[in-house]
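The values are calculated or read from the model by the stated rules, or taken from the named source; none is laboratory data. What you see is a predicted model; the values in this text were computed from it and never measured. All Cβ positions, glycine included, derive from the backbone under ideal geometry; neighbour counts span all protein chains shown.
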Amino acid sequence: MKKLCAAALLLMFCLFLFSCADIWASSDNTNCGSSDSDGIEAPSTALSTDNRSAPDSPDSPDSPDSPDMSVAPLTVIIDAGHGFGDPGSQPALLGCDEAEVTFGAALLLQKKLTEQGIASVLLHDGKSFPSCDEICSEADSLGVDYEADKMRDDAVFSAYERSIYANIIKKRTPEARYFYISLHTNSFEDSGVSGLSADYWGGSRCSAVLGDFCTSFKKAAEDFLKKETAVWKDSWEEAFIVTKYADMPSVLIEMGYGTNPRDVADLKSEKWLSEFTSLLSRLIYDFSDSF
Ligand SMILES: [Zn+2]
């Protein structure tokens with residue numbers, strides 16, 4: 001009888017442990033990008049105190065060894081910043097438009113991601129972009145929300161239109177998971193200022209994993225590219241449009257200053273751009289189960 005009671009107690013204890021494991025598993029940050037409700041949330045007043053004077057801590061998270069094949073594969077939406085009627089910054093030292101540099105880097109990043117086995121799509125091909133009518137029409141048919149007064153029928157593929165177009169791509173295959181990365185270069189009046197930065201919106205449902213990603217990016221850029229790198233967890237007011245309106249985990253990377261001699265030499269170097277995009281694609285691979 002005592003043995004039976006002991007066995008029953010052991011069974012109950014095991015069942016208790018399993019139920020706890022379920023609770024723990026449901027509270028982690030994995031697959032945060034797969035939720036339809038991710039991303040566009042009302043701005044939180046709590047975030048108003050969180051500003052650019054408080055970069056994230058440099059601690060690096062443990063990242064998975066390899067992607068978990070049990071979750072839907074990740075597709076990276078690569079946004080080459082600017083282009084068409086919007087050249088971006090045009091510092092004399094850079095000698096070209098920001099848009100040229102971002103598009104070259106986007107193509108290289110796509111190549112590196114393909115080599116890593118990660119699917120990606122360029123938000124534009126450098127030659128054309130979807131018109132305002134096309135975006136609105138497909139958004140309406142797929143049920144993608146947008147604010148009509150923010151859509152402009154002009155020669156510019158605006159940051160807002162890019163965000164809505166990314167949401168359309170996501171809606172076309174709702175079972176897939178997406179990560180949005182926007183590439184840019186910076187400029188500043190003081191030519192001594194150099195380095196990279198990563199921005200994300202602190203109100204995103206995925207802000208914890210985005211924070212881990214950006215912190216890992218900072219560490220890798222400082223260790224391997226030997227460049228100072230800032231991480232900004234932005235409030236709604238501070239956040240870039242694409243990091244708060246793209247309804248998926250979204251990061252904006254500034255690859256360097258077009259006003260700093262060392263950064264310009266790097267941004268114009270195939271070797272440096274190759275190292276930078278390799279680093280970025282490896283990091284995306286490491287986080288591919290978490291977005
Ligand atoms: Zn830019």
Within the range 117-156, how many residues are in a loop (DSSP other than H, G, I, E, B), over 28 Å from Asn186 (Cα atoms) and small (Gly, Ala, Ser)? 2
Suppose the filter is in a helix (DSSP H, G or I), within 16 Å of the ligand (Cβ to nearest atom) and either of a type in the set (Asp, Glu) or surrounded by 13 or more Cβ atoms within 10 Å (Cβ to Cβ) (or both); does Tyr165 pass it? no
Going through the range 165-200 one residue at a time, which ones are under 22 Å from Ala105 (Cβ atoms) and among the hydrophobic types (A, V, I, L, M, F, W, C)? Ala166, Ile169, Phe179, Ile181, Leu183, Phe188, Val193, Leu196, Ala198
Conditions first: (1) away from the ligand (no atom under 16 Å from the Cβ); (2) farther than 15 Å from Phe179 by Cβ; (3) modelled with pLDDT of 95 or more. Met69 passes all but one, so which condition is the exception? (3)
Quick check, is Ala221 touching a Leu at 6+ places or on another chain (Cβ under 7 Å), touching a residue at least 40 places away in the same chain (Cβ under 8 Å) and more than 25 Å from Gly83 (Cα to Cα)? yes
Within the range 228-238, tally of residues that are surrounded by fewer than 19 Cβ atoms within 10 Å (Cβ to Cβ) and either within 22 Å of Pro91 (Cα to Cα) or among the basic types (Lys, Arg) (or both): 2
From the list Thr102, Thr114, pick out the single residue that is touching a Gly at 6+ places or on another chain (Cβ under 6 Å) and part of a helix (DSSP H, G or I). Thr102
Of the residues in the range 252-266, those that are of a type in the set (A, V, I, L, M) and touching a residue at least 12 places away in the same chain (Cβ under 8 Å) come to Leu252, Ile253, Met255, Val264
Residue check: is Asp212 at pLDDT 95 or above, under 17 Å from Ser278 (Cβ atoms) and of a type in the set (Asp, Glu)? no
Gly95: passes all of (1) in a loop (DSSP other than H, G, I, E, B); (2) at negative phi but (2)
Got at least one residue in the range 201-218 being among the polar types (S, T, N, Q), surrounded by fewer than 24 Cβ atoms within 10 Å (Cβ to Cβ) and within 16 Å of the ligand (Cβ to nearest atom)? no
For the range 122-145, name all the residues that are surrounded by fewer than 15 Cβ atoms within 10 Å (Cβ to Cβ) and either touching a strand residue (DSSP E or B) at 6+ places or on another chain (Cβ under 7 Å) or within 24 Å of Arg177 (Cα to Cα) (or both). Asp125, Glu134, Ser137, Asp140, Ser141, Leu142, Gly143, Asp145
In the range 179-193, how many are over 10 Å from the mean Cα position of the chain (by Cα) and away from the ligand (no atom under 16 Å from the Cβ)? 4
Restricted to the range 72-92 and to residues being over 20 Å from Ile253 (Cβ atoms) and more than 16 Å from the ligand (Cβ to nearest atom), the residue modelled with the lowest pLDDT is Ala72
